[in-house]
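Only the coordinates and a few stated rules stand behind these numbers; no lab work does. Fair warning: this is a prediction, and the values are worked out from it, not measured in the lab. Cβ sites come from the backbone with ideal geometry, for glycine too, and all protein chains shown count toward neighbours.
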Amino acid sequence: MDSRERNWLFFLIGVFLVFNVVTLTPVVPWQEWLFWTDPTPAHRFSIEYQDYEIRLPPEGIEVQVGEYVEFVAVSADVTYGFGVFRPDSTMVFQMQVLPGRDNSIVWKFDTPGTYDVRSTEYSGPRHSEMYVQNAIHVTQ
Amino acid sequence: MIQLGRTEKWTLRFAVVALLFLALSGFEGMLMRTQLYAPEALGGMESVLNTLRPGAADPTSTELYYSMLTAHPIVGVYGFIYMAVFGAFYFLVPYLLDKPIKYKKLVPVNFWLQIVGVMICWGAGFFGMFNALYTLYWPLPVTYDRVPLLGSITFMIGAAIIMVNILIFSYNLFSTVLSKSNPRSYNFFQFLRSAYGIPRLMKLFGKEDKNAPNLDYNGLPVFIVAVGRGSVDTVINAFVLLTAGALILVYGLFALFGSALNPDWVDALLYKNWYWWGLDMVADGNALIYTAGVWYLLIPLLTGRRLFGANVVKTVIMVDLLVSMAVWSHHLLGDTSQPMVMRLLSGQFITWGEFFTMGLTIFASMMTVWLARPVKMTPALKFALGSMFGFMMGGVAGLIQANLGLNMVFHNTQWVVALHAHTFLLTGVGMMLFSVLYALVPMLTKLEFRSKALINTHFWLWIVGSVGMAYAMGMAGSRGMLRRTFYEGGQFQGYTLVAIIGGVLISIGFLAFLVNLVGTLGLRNVLALFVPERWLAGRQPAPAQA
């Protein structure tokens with residue numbers, strides 16, 4: 001191997017290591033609880049999907065800043081998505097909701113406010129309607 | 001009239017139809033962007049088109065959007081890219097091996113079957129309103145209160161024709177490489193053995209298998225090795241998608257005859273793994289290896305210098321094939337039911353294998369150009385360099401989204417489809433195919449492209465338009481704009497408008513290319529590719545009177 005190729009390969013290895021190490025650490029905040037620790041959630045919220053509807057718990061979703069909560073989504077028909085969005089439309093997190101599976105994710109909100117829930121996976125022509133405003137209330 | 005041989009003629013036919021499919025796919029893309037900007041903007045056109053649709057169907061704008069979104073990638077990938085690849089490989093493989101295509105009669109079969117298959121899929125969307133998207137996530141394609149039954153059956157028939165056709169093409173290509181019409185002949189297992197680089201691996205460990213012909217060292221051009229190895233992915237892709245399509249077709253036929261099958265019999269996660277494993281062979285398999293092969297072929301030809309680091313390049317081709325077999329989980333990073341070890345290893349770490357293989361590929365190509373200075377910046381070289389830029393940009397975007405942590409906010413957003421997929425396809429693969437056309441047309445016809453100004457117009461408008469469009473939509477994705485979602489409230493309009501402007505630039509650039517191509521070949525010669533020459537001969541202008 002030519003020395004220039006070798007140097008280039010070392011450079012690529014360096015980029016690979018730095019990028020992967022950094023993004024696996026809590027520099028990406030949610031890696032702390034999604035990858036490194038297995039926190040016990042303070043609340044568990046069940047969400048049901050069926051016939052283009054997102055059925056949230058009837059008592060609503062009230063969360064406190066800094067506490068771990070678990071969202072468990074099940075679908076009775078096709079594949080959907082569970083995405084949580086800020087009022088300015090930016091995404092907080094998401095997961096796919098596959099039928100026949102308990103799809104769950106643990107999250108810790110760091111900012112109080114209200115959040116919207118939207119299906120992030122196409123499920124048929126009425127997919128765009130699957131949008132629940134102010135679905136999650138996060139308090140201090 | 002230009003006198004062309006049979007192979008040259010078929011290659012140009014494939015190229016012309018590929019360009020028509022590119023135009024159709026691009027037109028659909030522009031329509032969808034327009035709808036995203038102003039949801040009711042196409043109302044008038046839709047009313048007219050509805051008169052062409054059978055029955056009393058009066059689809060909504062949303063249904064039309066998703067039907068178009070289903071047809072658009074099929075036309076773009078299997079219409080434009082595959083047709084162009086068929087045409088280019090049917091010329092280059094025999095040309096480089098100095099032996100004819102093994103089954104010449106299969107060439108027109110491939111040509112027509114691909115057109116028929118793509119048009120059936122397109123028709124299933126346009127007339128049948130099939131809308132399950134190319135992802136076909138189970139059980140949506142068999143959920144007939146959301147997806148039209150006849151549309152689903154029609155689409156699967158079209159998809160099956162395309163996949164069978166790709167298998168026929170691959171068979172013909174392998175048969176040609178392996179045929180015994182000259183000393184460079186190998187049996188299938190010997191070829192496969194070399195395709196996976198086994199002799200090279202053995203050599204690495206100090207052993208030499210003298211009985212196994214090593215294609216690398218027997219003088220087979222690197223391009224052919226890349227085509228052979230990429231075609232392994234092509235075959236797997238076609239086979240897997242064929243099985244998925246057949247499954248959906250069986251469900252459709254049972255439903256049609258009144259005894260619907262239970263969708264729960266198929267596990268959605270298992271299906272998704274199987275489907276993505278096969279589908280990803282295009283995105284992360286043959287597209288990369290074919291592209292690398294084309295660079296390995298064109299760059300030395302255009303610069304007049306031997307490929308830098310040829311031995312490393314051969315190893316890279318082998319490694320890339322292995323990598324392509326194991327990266328599919330990066331499409332399932334949003335599935336929390338997918339085992340974590342799969343998401344981390346297959347989804348993230350192995351995906352980085354492509355960073356190394358493509359990184360070394362681009363380095364070898366760029367070093368070849370650098371060491372060959374001063375080089376003449378021919379149109380083909382210019383577009384080849386543009387395509388490398390596209391792969392770098394799309395590759396970096398891909399590595400960011402194929403990350404366990406970052407995928408949390410990028411999955412299924414416009415980032416994925418724009419900055420990654422469209423940059424790869426339009427800037428990367430698109431410019432690579434234009435590079436091939438700029439190199440091949442003079443080779444086939446002995447005619448040089450007429451207008452340098454139009455070539456430059458094509459180059460700059462294409463690269464600025466495609467990068468601008470991808471960047472705008474990618475930024476929209478980073479702000480939460482989802483792909484596969486029709487925003488009926490007209491959100492993200494600023495980003496969409498910039499993307500539309502990018503699309504307009506691409507279209508003008510493409511038009512410049514077409515004008516130049518037809519101006520170079522002559523309209524009569526282009527028509528002569530498709531209609532009998534005697535028809536045109538009768539319309540030749542009378543010779544001038546003395």
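Things to note:
- Cβ crowding within 10 Å, taken as a proxy for footprinting-reagent exposure, orders A:I13, B:I153 from fewest neighbours to most as A:I13, B:I153.
- Mean ellipticity per residue at 222 nm, deg cm²/dmol - from DSSP H runs of n ≥ 4 across the protein assembly as shown, formula -39500 (n - 2.57): -18000 deg cm²/dmol
- Modelled spin labels at B:D145 and A:E59, positioned 7 Å past Cα toward Cβ, are 3.1 nm from each other.
- Amide H within-cut-off set for B:F308, under 5 Å, with H built and near neighbours excluded: B:T368
- Beta bridge orientation in the protein assembly as shown: antiparallel %, DSSP, nearest 5: 65 percent
- Selection of GluC sites (Glu not before Pro), segment B:447-544, meeting DSSP coil and at most 12 other Cβ within 10 Å: B:E448
- Charge sum, other residues only, whose C-beta stays under 15 Å from B:Y471's C-beta, Lys/Arg counted +1 and Asp/Glu -1: +2
- Shielding by partners for peptide B:399-405, expressed as the average number of C-beta atoms from other protein chains within 10 Å of each residue's C-beta, is 5.
- Rounded Å value of the spacing that divides the Cα centres of segment B:90-159 and segment B:505-531: 26 Å
- Whole-angstrom gap from segment A:35-113 to segment B:378-435, using each part's C-alpha centre: 31 Å
- Exercise: per-residue mean of other protein chain Cβ atoms within 10 Å, B:412-422: 1
- Couplings 3J(HN,Hα) of segment A:5-14, computed from phi: 5, 4, 4, 5, 4, 4, 4, 4, 4, x Hz, in residue order, whole Hz [Karplus 6.51 cos²θ - 1.76 cosθ + 1.60, θ = phi - 60°; x for Gly and Pro].
- Under Karplus coefficients 6.51, -1.76 and 1.60, residue-wise ³J(HN,Hα) of segment B:86-94 in Hz, glycine/proline x: 3, x, 5, 6, 5, 8, 5, 4, x
- Partner lysines for B:K105 [C-alpha distance under 19 Å; skip if fewer than 8 residues away on the same chain]: B:K9, B:K180
- Distance from segment B:337-356 to segment B:1-66 (C-alpha centre basis), Å: 36 Å
- Computed from phi, the 3J(HN,Hα) profile of segment B:437-444 under the Karplus parametrisation 6.51, -1.76, 1.60 (θ = phi - 60°) reads 5, 5, 7, 6, 4, x, 5, 7 Hz, with x in place of Gly and Pro.
- Three-way shape call for chain B based on the alpha-carbon gyration tensor, with the a/c threshold at 1.5: rounded
- With kT/(6 pi eta Rh) evaluated at 25 °C and eta = 0.890 mPa s, and Rh the Kirkwood radius from Cα pairs, segment B:1-183 diffuses with a coefficient of 137 µm²/s according to Stokes-Einstein.
- Neighbourhood charge, 14 Å Cβ-Cβ cut-off, centred on B:T234 and excluding it, Lys, Arg +1 and Asp, Glu -1: -3
- Dipole magnitude (debye, nearest 20) for the protein assembly as shown, charges at Cβ of Lys, Arg, Asp, Glu: 3740 debye
- Annotation: amide H of A:F93 within the under-5 Å range of A:V84, sequence separation 5 or more or interchain, hydrogens built in the peptide plane.
- Scanning residues 5 or more positions from A:Y122 or on other chains, none has an amide H under 5 Å from its amide H, with H placed 1.01 Å from N in the peptide plane.
- Chymotrypsin sites (Phe, Trp or Tyr not before Pro) within segment B:243-275, DSSP loop, no more than 15 other Cβ atoms inside 10 Å: B:F257
- Peptide A:74-80 is shielded by partner chain Cβ atoms: per residue, an average of 4 of them sit within 10 Å of its Cβ.
- A simple count of charges around B:N407, restricted to other residues whose Cβ falls under 11 Å of its Cβ and scoring Lys, Arg +1 and Asp, Glu -1, yields 0.
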